[in-house]
1. Please go through segment 161-183 and pick out each residue that is farther than 15 Å from residue 123 by Cβ, touching a residue at least 60 places away in the same chain (Cβ under 8 Å) and surrounded by fewer than 19 Cβ atoms within 10 Å (Cβ to Cβ).
2. I want to confirm something. Restricting to segment 129-152 and keeping residues that are among the charged types (D, E, K, R) and assigned to a loop (DSSP other than H, G, I, E, B), which single residue is surrounded by the fewest Cβ atoms within 10 Å (Cβ to Cβ)?
3. Got at least one residue in segment 186-202 being surrounded by fewer than 24 Cβ atoms within 10 Å (Cβ to Cβ) and in a loop (DSSP other than H, G, I, E, B)?
4. Tell me, which strands (runs of 3 or more DSSP E) wholly within segment 18-64 include 1 or more residues that are surrounded by 23 or more Cβ atoms within 10 Å (Cβ to Cβ)?
5. Every residue in segment 302-325 that is in a loop (DSSP other than H, G, I, E, B) and either among the charged types (D, E, K, R) or out of contact with any helix residue (DSSP H, G or I) (no Cβ under 9 Å at 6 or more places or on another chain) (or both), please.
6. Just one of the numbered conditions (1) open to solvent by 50 Å² or more (accessible area, probe 1.4 Å); (2) of a type in the set (Lys, Arg); (3) in contact with a Gly (Cβ under 8 Å, 6 or more places away or on another chain) is not true of residue 312; which one?
7. What about residue 354, is it more than 26 Å from residue 452 (Cβ to Cβ), free of Cβ contacts under 8 Å to residues at least 60 places away in the same chain and open to solvent by 40 Å² or more (accessible area, probe 1.4 Å)?
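The values are calculated or read from the model by the stated rules, or taken from the named source; none is laboratory data. As the structure is a computational prediction, the values presented were derived from the model and not from experiment. Note that we place each Cβ from the backbone using ideal geometry, even for glycine, and neighbour counts take in every protein chain shown. Note: areas computed on protein heavy atoms with side chains; ligands, DNA, RNA excluded. Shrake-Rupley method; radii C 1.70, N 1.55, O 1.52, S 1.80 Å.
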Amino acid sequence: MLRTIYLLLFSTLFVPTVTQAQIRLNQVGMYPNQEKTAVIEGTAKSVTIKDVATGKKAVKPRVLRTATSPWSKKQRTVVDFSALTKPGTYTISSGSESATFTISDNALRDVTAATLKAFYLIRSGMAIDKQYAGAYARPVGHPDTEVLIHPSAASLGRPAGSKISSPGGWYDAGDYNKYIVNSAFSIGIVLCSYEQNRSYYDGLSVNIPESKNQTADLLDEMMYNLRWMLTMQDPYDGGVYHKLTTPNFEGFVMPTDCKQPRYVVQKSTTATLDFAAVMAQAARIFKGNKDYPTFADEAARAAMAAYGWAERNPRVLYQQRRLTDPAVSTGEYGDFNTTDEWYWAATELYLLTGDQQFADVAAKNQPRRFSAPTWGNVAALGTYDWLTQDKPLPSPLGERLRVGELCSGMGLGMRLFSYCDSLIATTAKSSFQTPCGNSPRDFGWGCLAETFGANGLTLCLAHRLTGDKKYLTAAQQNADYVLGRNATGYCYITGFGTKSPMHPHHRISEADGIDAPFPGLVAGGPNPGQQDIAEVKTYPSKQPDESYIDVMQSYASNEIAINWNASILALLGWLEAAQH
């Protein structure tokens with residue numbers, strides 16, 4: 001059920017009660033007019049819903065089906081109570097089992113705010129103040145004012161061993177490093193949601209140091225990381241370092257206790273193009289911003305310089321195994337296909353400048369099929385923009401690219417709709433009334449964001465473009481899965497629901513001496529690969545949708561990451577905006 005507004009102030013802590021409930025449903029909140037379903041383990045003989053305030057029966061649930069899992073063969077009863085539209089608190093009961101849920105006009109407001117506020121809590125290079133973080137306050141860690149140039153990153157102007165200042169930004173995941181590829185993707189997907197829902201996000205205040213200025217808190221938070229990203233560009237040639245990192249992962253200690261030297265390492269084409277794309281996107285969005293009056297021009301220049309470097313170095317791919325003196329073993333974010341990065345970067349630069357050359361490159365590299373956005377495949381971020389620009393595109397080629405005339409078969413929009421329809425087609429037989437999670441392939445690293453979140457965002461876009469409510473319903477179904485209607489019964493966002501992660505693979509949450517982790521963090525989710533089995537020792541299940549364990553050692557299923565938070569924030573914010 002929905003937690004209180006403390007999530008914005010963090011003045012108190014709430015430790016969720018972990019249960020093995022047999023009734024699975026959205027534990028955070030439902031909108032009056034949305035589809036409402038619950039899933040009961042086994043075959044339910046009777047289901048009752050009562051109003052907590054009156055104790056009276058509220059509505060008679062309708063059994064949709066008994067679903068059988070295609071891999072575990074478990075049977076589950078899917079019940080619908082969409083006829084219940086009155087805001088309030090209710091209980092749903094079957095046999096001796098019961099669960100509580102709420103209906104509210106602002107059902108996802110607090111959880112959206114918390115997934116955004118989490119970015120403030122993971123800021124690097126500044127003190128996290130009690131005024132904004134409550135019990136999660138901490139002193140400055142990793143000022144990064146004396147970062148070493150790794151031999152792989154050396155240039156004529158910056159020889160190996162010299163030092164640069166690269167402060168700020170967000171810690172990437174459970175570790176303390178900062179990565180350009182993932183930062184660019186995270187900001188890019190959030191800004192896509194922002195552009196389509198400006199009025200909602202402009203009114204969303206989450207109590208961060210910048211909250212009193214004239215800029216939306218969401219944009220202020222993105223700016224904190226954008227400023228760091230600018231420091232990662234070599235001013236002598238325009239190339240962008242792949243990451244700022246220690247040679248090895250730090251232990252589970254607080255930032256102030258970290259002792260390893262920090263380096264910027266090899267420039268890469270993928271990082272540089274991702275940088276060019278998000279800087280061009282940000283330059284367009286921040287143009288005329290009174291709080292950051294010089295940023296748009298600075299970002300535009302940086303984007304052009306980065307794109308120029310990539311043109312001169314089109315196949316400089318990051319290969320960590322080649323780094324020596326010292327060797328580096330932290331997150332790689334390696335990618336050997338640059339087509340999607342060229343497409344996204346060229347799209348953003350075209351929308352910023354109207355220059356024909358960028359439209360040509362975008363057309364050359366446009367995807368032949370649609371796939372949901374992830375850090376390793378950013379093409380969808382370009383497609384989102386081609387399909388949602390309201391202003392006339394300044395080039396005939398640009399307009400033709402938007403409608404897809406340059407390639408045989410369906411245009412960009414029709415590919416997106418066909419993709420969404422193929423997802424929805426699986427819902428009628430699904431175990432949890434969702435368009436995703438119906439194939440073992442839907443589970444793996446970061447699946448809650450990269451499958452449920454990213455696809456949910458795409459479904460929101462399909463709804464925006466067509467007005468067809470089936471797409472919004474499907475997006476909400478994916479959110480319901482993340483928020484508790486799933487095989488494990490977890491609400492996978494820390495601090496929310498009756499059963500949420502308490503021990504994420506996150507160094508600060510483990511080392512800060514506070515029982516509850518940062519609120520608003522999104523767990524990676526079920527991962528049948530179980531790549532951490534040596535550390536975890538045993539999982540409760542090997543089934544694809546049950547391969548999750550809430551222990552700190554589980555980096556394969558229980559780590560957090562900025563791209564996962566970004567995807568879920570983008571989805572939840574869009575769903576909340578759609579109600580207002």
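1. Of everything in segment 161-183, just one residue is farther than 15 Å from residue 123 by Cβ, touching a residue at least 60 places away in the same chain (Cβ under 8 Å) and surrounded by fewer than 19 Cβ atoms within 10 Å (Cβ to Cβ), namely 165.
2. Initially, segment 129-152 is screened for residues among the charged types (D, E, K, R), giving 129-130, 138, 144, 146.
Filter once more, keeping what is assigned to a loop (DSSP other than H, G, I, E, B): 129, 144, 146.
Details: 129: 13, 144: 20, 146: 11.
Among residues in segment 129-152 that are among the charged types (D, E, K, R) and assigned to a loop (DSSP other than H, G, I, E, B), the one surrounded by the fewest Cβ atoms within 10 Å (Cβ to Cβ) is 146.
3. Scanning segment 186-202 turns up at least one residue that is surrounded by fewer than 24 Cβ atoms within 10 Å (Cβ to Cβ) and in a loop (DSSP other than H, G, I, E, B).
4. 37-41
5. 315, 319, 325
6. Of the numbered conditions (1) open to solvent by 50 Å² or more (accessible area, probe 1.4 Å); (2) of a type in the set (Lys, Arg); (3) in contact with a Gly (Cβ under 8 Å, 6 or more places away or on another chain), the odd one out for residue 312 is (3).
7. On the way: more than 26 Å from residue 452 (Cβ to Cβ): yes; free of Cβ contacts under 8 Å to residues at least 60 places away in the same chain: yes; open to solvent by 40 Å² or more (accessible area, probe 1.4 Å): no.
It is false that residue 354 is more than 26 Å from residue 452 (Cβ to Cβ), free of Cβ contacts under 8 Å to residues at least 60 places away in the same chain and open to solvent by 40 Å² or more (accessible area, probe 1.4 Å).
Here is a yes/no grid of residues against (1) at pLDDT 95 or above; (2) among the aliphatic types (A, V, I, L, M):
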site: 401; (1), (2): no, yes
site: 420; (1), (2): yes, no
site: 449; (1), (2): yes, yes
site: 463; (1), (2): yes, no
